[in-house]
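The values are calculated or read from the model by the stated rules, or taken from the named source; none is laboratory data. Quick caveat: nothing in here was measured; it's all calculated off a predicted structure. With ideal geometry, Cβ positions are generated from the backbone for all residues, glycine too; neighbour counts draw on all protein chains shown.
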């Protein structure tokens with residue numbers, strides 16, 4: 001889905017970054033948020049092209065495919081929110097959307113969960129992982145609007161997940177970015193943040209590859 005826009009710079013992978021130095025291998029550190037955007041640019045672009053998100057953006061997704069995508073999303077967010085130690089707000093919104101499209105509580109409880117959520121045992125790893133879902137919430141507002149053709153304008157039922165916090169989404173994102181930059185003076189913490197973001201993106205992308213399993217769509 002659309003995330004906060006990625007910049008065009010290229011950064012080394014977590015395995016090639018030099019600890020204690022800037023994300024470009026130089027001492028002129030550029031800040032946590034720009035480094036994250038650069039490090040995750042490729043996966044951002046691949047997720048933009050994911051067939052489910054692309055179909056929503058183009059206004060051509062049908063109900064069966066939308067249901068299949070929501071099934072896959074809740075399978076990621078249930079274990080993710082538990083691992084990150086955050087309230088299950090996204091899980092609850094996804095559950096409401098699934099009920100709107102015909103997946104009840106019992107069916108939701110039986111859905112598979114992503115088995116490869118990365119370890120989020122430190123504050124820096126948690127904030128790196130949350131970069132992924134906070135950016136997704138920001139981009140989700142565009143997808144919510146694109147669902148007018150499926151649900152009709154001014155109808156929130158069925159797209160509560162993509163609507164997220166509503167008008168407060170932008171303010172929440174700005175507050176999150178400000179929090180990110182409190183780590184700007186600590187290159188080792190920045191490296192851990194980037195590693196966790198990339199690990200989370202990798203898990204999310206891998207999990208979404210199985211979104212169109214017909215046994216999960218009905």
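Summary of computed values
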quantity: Where residue 123 falls short, out of the listed (1) over 20 Å from residue 195 (Cβ atoms); (2) exposed (fewer than 14 other Cβ atoms within 10 Å of the Cβ); calculated: (1)
quantity: Selection from the range 88-111 of residues that are surrounded by 14 or more Cβ atoms within 10 Å (Cβ to Cβ), more than 16 Å from the chain's Cα centre (by Cα) and in a loop (DSSP other than H, G, I, E, B); calculated: 101, 103, 111
quantity: Which listed residue, of 72, 141, is surrounded by 14 or more Cβ atoms within 10 Å (Cβ to Cβ) and at pLDDT 95 or above; calculated: 72
quantity: Out of 85, 31, 25, 20, sole residue that is modelled with pLDDT of 95 or more, at positive phi and surrounded by fewer than 18 Cβ atoms within 10 Å (Cβ to Cβ); calculated: 85
quantity: Count of residues meeting criterion [under 30 Å from residue 189 (Cα atoms), part of a loop (DSSP other than H, G, I, E, B) and in contact (Cβ under 8 Å) with a residue 60 or more places away in the chain] in the range 120-150; calculated: 2
quantity: Within the range 151-192, tally of residues that are farther than 20 Å from residue 32 by Cβ, touching a helix residue (DSSP H, G or I) at 6+ places or on another chain (Cβ under 7 Å) and not in a loop (DSSP other than H, G, I, E, B); calculated: 5
quantity: Residue within the range 185-196 that is modelled with pLDDT under 90 and farther than 26 Å from residue 149 by Cβ present; calculated: yes
quantity: Hits in the range 163-175 - residues which are modelled with pLDDT of 90 or more, over 16 Å from residue 97 (Cβ atoms) and surrounded by 13 or more Cβ atoms within 10 Å (Cβ to Cβ); calculated: 172, 173
quantity: Complete set of residues in the range 40-75 that are assigned to a helix (DSSP H, G or I) and free of Cβ contacts under 8 Å to residues at least 40 places away in the same chain; calculated: 41, 42, 45, 54, 55, 74
quantity: Residue within the range 152-162 that is closer than 20 Å to residue 59 by Cβ, at pLDDT 95 or above and within 14 Å of the chain's Cα centre (by Cα) present; calculated: yes
quantity: Lone qualifier among 87, 115, 79 - being under 18 Å from residue 176 (Cβ atoms) and free of Cβ contacts under 8 Å to residues at least 40 places away in the same chain; calculated: 87
